[in-house]
Each structure stands twice: as C-alpha cells, then as structure tokens.
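A quick write-up on the structure given underneath.
The values are calculated or read from the model by the stated rules, or taken from the named source; none is laboratory data. Just so it is clear, the model here is predicted, and its values are computed rather than measured. Quick reminder, even Gly has a Cβ in these numbers, built from the backbone with ideal geometry, and neighbours come from all protein chains shown. Ligands, DNA and RNA are excluded from the accessible area calculation, which covers all protein heavy atoms including side chains. Shrake-Rupley method; radii C 1.70, N 1.55, O 1.52, S 1.80 Å.
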Amino acid sequence: MFNSKIKSIHIVFMFTLLSLSYTLAAADLAGKVVFVRGTPTAVDAANAVRALAKGSEVFTGDKLVSGNGKIQVSMIDGAFISVQPESEFVIEAYKYSGTADGTENAAMRLVKGGVRAVTGAIGKDNPETYKVHTSVATIGIRGTGYSTRLCAGDCQGRTDGLYHNTWEGTTYVANNVESRDVPSRNGVYVRDINAPIEVLAQVAGVTAIDEGEAIAEAGREEEDKNTVIANGDQRNAQGLPVALMGNATSSAKVLTGLVAVHINHDGEFNNDVVAGGLNDLSIFFDASGKPVGLLFTEDDDNGGTRRGLGTIDLNSVLAGNDPAAVAEVRSLLAETNPARIAAVQANPARVEDFNMVDSVGYFRWTGGELLFAGEDGIEGDDGFPMTGNQSVHLVFGPQYISGFPTSGSATYNFFGGTRSTSVSGATIGDGVTGGNLAVNFATSAATLNMSVTHIRNYAVSGTVRVTRDGGLGLQDVNMIASTTGPGSVCVPNCPAKLEGVFPGVLNAGLPVYAGFGYAIKETDEIIGAAVFKQ
C-alpha cells in the first residue's frame with residue numbers, strides 16, 4: 001500500500017540477539033523457529049518429516065522446506081536465517097559452545113529457492129568455518145548479512161543460476177573457476193559450477209536490491225553475546241525489546257475489513273487495497289481512539305500479494321484487541337531493523353484532522369517519523385520522516401460485502417476532509433471547503449466540482465471515472481484546478497489528480513460515501529483528502 005517515490009527495498013530482517021536461554025541444549029541443536037507462515041516442515045537425517053511452528057527446534061541434518069510459506073530461525077550463535085517461499089535449506093552442521101573456542105562451525109546447503117541471513121558469533125569469531133553450499137558455488141562470509149537465490153526454472157523468466165547479494169560486510173563466492181569477494185551493496189551471478197563469476201552492481205528483482213543502503217544507514221552490527229547479557233538487554237524470542245511488545249490487556253482496538261486510499265507526503269497516490277479488491281486492511285487505534293497503525297495487503301510485481309505495516313505508535317499497535325492482527329504485526333517487526341524502531345519511538349508522527357462516522361473516516365499523519373515493515377518488496381527499513389507540515393493523508397471505510405452497483409446514480413456533497421499541505425511541508429491550508437460529485441454507476445462516469453483553499457483559492461472541476469478492478473473506486477480523467485490567486489505558477493489552470501474509494505456503506509444499493517485523495521500540481525504541490533456523502 002505504501003508504493004511511493006521512495007524506492008522499494010526488500011525487507012531487512014532483524015538480527016536476533018543471543019540470550020541466556022540459547023545456550024547449547026543438545027549437541028545437534030541448531031536453532032529455534034521464531035516465525036512461520038504457511039505449513040513449512042523439517043525433514044531430518046532419517047527422512048522423518050515434522051511440521052514446524054513458532055518455537056520448534058531445528059537440528060543438524062534437518063532440511064527446512066518452506067513450501068509456499070516462510071521460515072525464520074534464530075540460530076544458537078545469535079545468527080538469523082530466513083528461508084524464503086518455495087525453498088529447501090539443509091543445516092549440514094552447526095556447532096557453537098557459547099564461546100569462541102575454535103570448535104564452532106556452520107555448514108549449510110541451499111538446495112532450492114532462496115535465503116537471507118545475518119551471521120552471529122560464528123561469523124564474527126571464526127568466519128572461515130561458515131559456508132553455504134549450492135549446486136553452482138559455495139558462499140563464504142566475513143561476518144555479514146546477505147541474500148542468495150538459486151534459480152532453476154522458478155524465477156519468473158530469469159536465467160537459471162545463483163544470484164547472490166551482500167548488504168552488510170563482505171561475502172565471497174567460489175566455484176571450480178574462481179573465487180570472488182562480494183562487498184556490501186554488490187552482487188554476483190553464477191551460471192554453473194564451471195562458469196566464470198559475473199559481477200553485478202545490484203541483483204535486481206531476485207535478491208535484496210537496496211538492503212546494503214538500509215543496513216549502512218542504520219549502522220547495524222552483530223553484538224557479542226556476553227555484552228548483551230552484561231548490559232541486561234533482555235529480548236524475547238523474536239528479538240524485539242520486551243518494552244516494544246505491548247500489553248494485550250490495553251484498551252487499544254483494531255478495525256478490520258477496510259478499503260482505503262492515501263496520498264503520501266511526496267504527492268504519490270496509492271490505492272492497491274482497492275485495485276486488488278482486497279478486504280484485509282486493518283487500522284489500529286490507540287487507547288484514546290486515534291488511528292496509529294495500518295496492517296495492509298498490496299499487489300507485488302509478480303501478480304501476487306504481500307503484507308505490510310505502517311505505524312506511528314508501535315506500543316499501541318502491539319496492544320491491539322485483535323490477537324491475530326497483533327501476531328502478524330510482531331512477525332513483520334521481526335524482519336525490521338531495530339534502529340528504525342528506535343527512530344520512530346524517539347520522534348513519532350502525530351494524528352491530525354481525524355474524523356470517523358459509520359466506520360468511514362479520514363486523517364493525516366504529520367510532524368515526525370513513520371515506520372514501514374513488511375514482506376519482500378515493501379519499504380521495510382526505510383524511515384518516512386516528515387518535517388514542517390508534510391503529511392500522509394488517508395481516507396478509509398468498510399469493504400463491500402456484496403457486488404458493486406452497475407446501475408443508478410447519486411450526487412455526493414462535501415462532508416469533511418483533512419487540511420491541505422504542500423509536498424515540501426512549507427504551507428498548510430483549509431483544504432476542501434465545499435463541492436459535489438455526481439456519479440452515474442451505469443456508465444461509470446462522474447463529474448466533480450469542489451473548492452480548495454490553500455494560500456489561494458482553487459475551483460477544481462473535471463471528469464472522473466468509476467473503477468472496478470476488483471474494487472469500487474474513483475480515478476480522475478481530466479481534472480483542472482482554476483485559480484486567480486497571486487503567486488500561482490499555473491494561472492489560470494493547474495493540473496489536478498484524484499484517486500478514491502467508495503466504502504461499502506449502502507443506501508438503496510448505492511454507496512453512501514465517496515472518499516478520495518487529491519493533488520494540485522503547483523510548483524510546491526498541494527495535497528489532501530476528503531469525504532463526500534449522499
């Protein structure tokens with residue numbers, strides 16, 4: 001849902017700190033599962049299959065099979081391994097006594113698919129013993145974070161072979177031809193075990209595109225186990241500080257089953273929840289009733305979907321009254337850089353202009369940092385700092401339960417909206433002050449006339465179409481904002497944009513509300529959100 005001009009990065013998952021409970025309990029214990037999605041399994045050395053769940057132990061000799069889900073494992077030395085969907089990953093050897101005594105080693109094999117990993121004490125104390133074998137090359141490390149993907153007819157048209165990317169520290173890749181170091185923010189491609197290793201500046205689309213930049217920005221490094229314990233940094237099994245996990249008995253609430261559209265502080269729209277026809281947007285409210293988080297689904301680049309979180313208040317989100325939603329938030333945070341969490345808690349954005357009637361509402365977040373967290377492809381560790389009056393504007397309402405109207409017409413009058421802000425954050429205005437929207441659902445055509453006040457007055461008018469791509473929404477066709485105010489760069493007419501939704505509150509089979517975000521294309525673009533009602 002947060003597809004903006006901010007570049008999309010693959011999510012940087014969280015380094016799980018080693019705690020006292022992770023001392024070696026058995027000679028062949030390799031780690032514990034901290035998160036699963038789907039129905040992954042482990043196949044042991046005797047070919048016995050067992051289901052994996054959060055808290056499951058994994059052992060030397062286990063082959064982890066993710067199926068269409070995902071497995072995240074915290075290893076006994078504090079390393080973290082995320083086995084990606086449709087992957088098979090074998091733990092051939094994993095030994096760590098709790099101290100650097102020369103006996104530590106880690107040998108693993110990627111049979112199929114991909115993994116991402118942050119190394120722990122073995123990678124720090126004895127990196128030469130850490131190896132990931134594949135059919136085309138062996139990967140070694142210097143103490144680092146990396147992503148690797150073995151393509152064998154399952155990478156959406158990409159050439160088969162090994163794609164490997166380092167996003168922290170340095171790795172190296174070796175096969176029968178050569179050995180090559182792969183420094184941070186670089187990648188390589190290896191066709192087969194007897195082929196030269198090809199250097200890639202970034203491994204676009206298959207492994208982590210910009211994880212190096214995110215990691216470097218956050219300054220995340222592995223921490224020595226004894227230092228962590230000595231400092232009393234107690235963390236739960238997911239690696240999140242206990243203080244961030246929230247209190248399940250709080251009065252904070254979660255509203256689920258919504259559609260929404262929002263416009264980012266850079267003037268980019270997003271309505272993936274509508275365009276994809278998805279009904280699993282959830283909004284988290286704090287104990288005072290203000291919206292402080294979004295759990296959303298968006299379309300990915302491969303025809304599928306992915307889950308993500310946007311929030312300004314982690315404690316309230318984690319204290320929500322929907323256990324399933326809170327559990328999903330925690331799993332997403334397990335893949336998020338702790339430095340980003342700390343930044344948002346130190347300077348959280350605030351809620352402004354919030355109003356909600358019939359579960360239809362609008363608000364903006366402004367004046368601080370937003371946190372994004374989520375699955376691959378969502379801006380997971382990117383911060384979203386907003387300065388001045390910069391804001392994210394959002395309108396939302398219930399998803400449809402039945403089919404969309406294909407006949408009838410309705411006129412909607414201005415009901416309420418957020419104050420308008422400029423993209424730079426330099427100015428703020430009253431936003432929409434009046435207007436009407438006439439919709440013909442039989443022809444999917446609509447006309448809009450509205451007034452916007454922001455330093456100068458704008459008369460916004462034009463044609464709008466009703467979209468039906470899995471959801472019922474609005475999109476501008478030809479919008480103009482006319483103004484005679486001094487200082488405008490586009491007198492008399494400024495181009496304007498609009499995207500919106502029809503929430504599923506019906507009267508005689510037609511939506512009662514229409515909500516949209518808008519943008520007026522001045523040099524310092526003006527943005528806002530509004531709700532109209534029959």
Carbon/sulfur accessible area of the range 98-188, % of total, 1.4 Å probe, equals 45 percent
Length gained, Asn321-Glu86, 0.36 nm per residue minus C-alpha separation, equals 81.3 nm
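Set the bar at 32 Å for Cα to Cα. Now go through Lys54/Lys95; Lys70/Lys533; Lys70/Lys131; Lys253/Lys521; Lys54/Lys124 and name every pair that lies beyond it.
Working: Lys54/Lys95 22 Å; Lys70/Lys533 43 Å; Lys70/Lys131 22 Å; Lys253/Lys521 37 Å; Lys54/Lys124 27 Å.
Too far apart for the 32 Å limit: Lys70/Lys533; Lys253/Lys521.
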In whole percent, the Cα-Cα distances of the range 391-534 spread across 10 Å bins from 0 upward as 12, 45, 30, 11, 2
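How much net charge surrounds Val111 when only the other residues with a Cβ under 9 Å from the Cβ of Val111 are counted, with Lys and Arg +1 and Asp and Glu -1?
Once positives and negatives cancel, what remains is +2.
Which whole-number value in Å² is the accessible area per residue of the range 120-189, probe 1.4 Å? Walk me through the intermediate numbers first.
Working: 2520 Å² over 70 residues.
It amounts to 36 Å² per residue over the range 120-189.
Assign unit charges at the C-beta atoms only (+1 for Lys and Arg, -1 for Asp and Glu), then state the dipole size of the range 53-205 relative to its Cα centre in Debye, rounded to the nearest 20. Numbers along the way, then the final one.
Working: 15 positive and 17 negative charges, 70 e Å.
The dipole of the range 53-205 has a size of about 340 debye.
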Sorted by chain and number, the residues with a modelled amide H under 5 Å from that of Tyr412, at a separation of 5 or more or across chains, are Leu437, Ala438, Val439
Karplus ³J(HN,Hα) for the range 474-489 (6.51 cos²θ - 1.76 cosθ + 1.60, θ = phi - 60°; Hz, whole; x = Gly/Pro) runs 10, 8, 5, 10, 8, 10, 10, 10, 8, 8, 10, x, x, x, 6, 8
For the range 456-493 the trypsin sites (Lys or Arg not before Pro) that pass both the DSSP coil test and the at-most-16 other-Cβ-within-10 Å test are Arg468
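What's the Cα-based Rg to Rh of the range 482-534, Rh via Kirkwood? Intermediate values should be presented prior to the final figure.
Details: Rg = 15.0 Å, Rh = 12.8 Å.
Rounded to two decimals, Rg over Rh is 1.17.
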Karplus-derived 3J(HN,Hα) from phi for the range 42-50 (6.51 cos²θ - 1.76 cosθ + 1.60, θ = phi - 60°), whole Hz, x at Gly and Pro, runs 10, 10, 7, 4, 8, 6, 7, 9, 9
Counting only residues 5 or more apart in sequence or on a different chain, those whose built amide H sits under 5 Å from that of Glu335 are Met14
The long-range amide H neighbours of Leu472, using H built 1.01 Å from N in the peptide plane and a cut-off of under 5 Å, are Phe502
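To the nearest 0.05, how large is the calculated FRET efficiency for Ser444 and Thr523 if R₀ is 22 Å and r is the Cβ-Cβ distance? Provide the component values of the computation, followed by the final result.
Details: r = 33 Å, r/R0 = 1.52.
E between Ser444 and Thr523, to the nearest 0.05, is 0.05.
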Note: Asn507 to Thr427 extended length (0.36 nm per residue) minus current alpha-carbon separation gives 25.0 nm
In nanometres, the difference between 0.36 nm per residue of separation and the alpha-carbon distance of Thr387 and Asn478 is 29.6 nm
Quick calc, the range 28-93, dipole around Cα centre from Cβ unit charges on Lys, Arg (+) and Asp, Glu (-), nearest 20 debye, gives 320 debye
Quick calc, Val177 & Lys290: beta-carbon distance into FRET formula, R0 41 Å, rounding 0.05, result 0.10
With the 1.4 Å probe rolled over protein heavy atoms, the range 425-516 has an accessible area per residue in Å² of 39 Å²
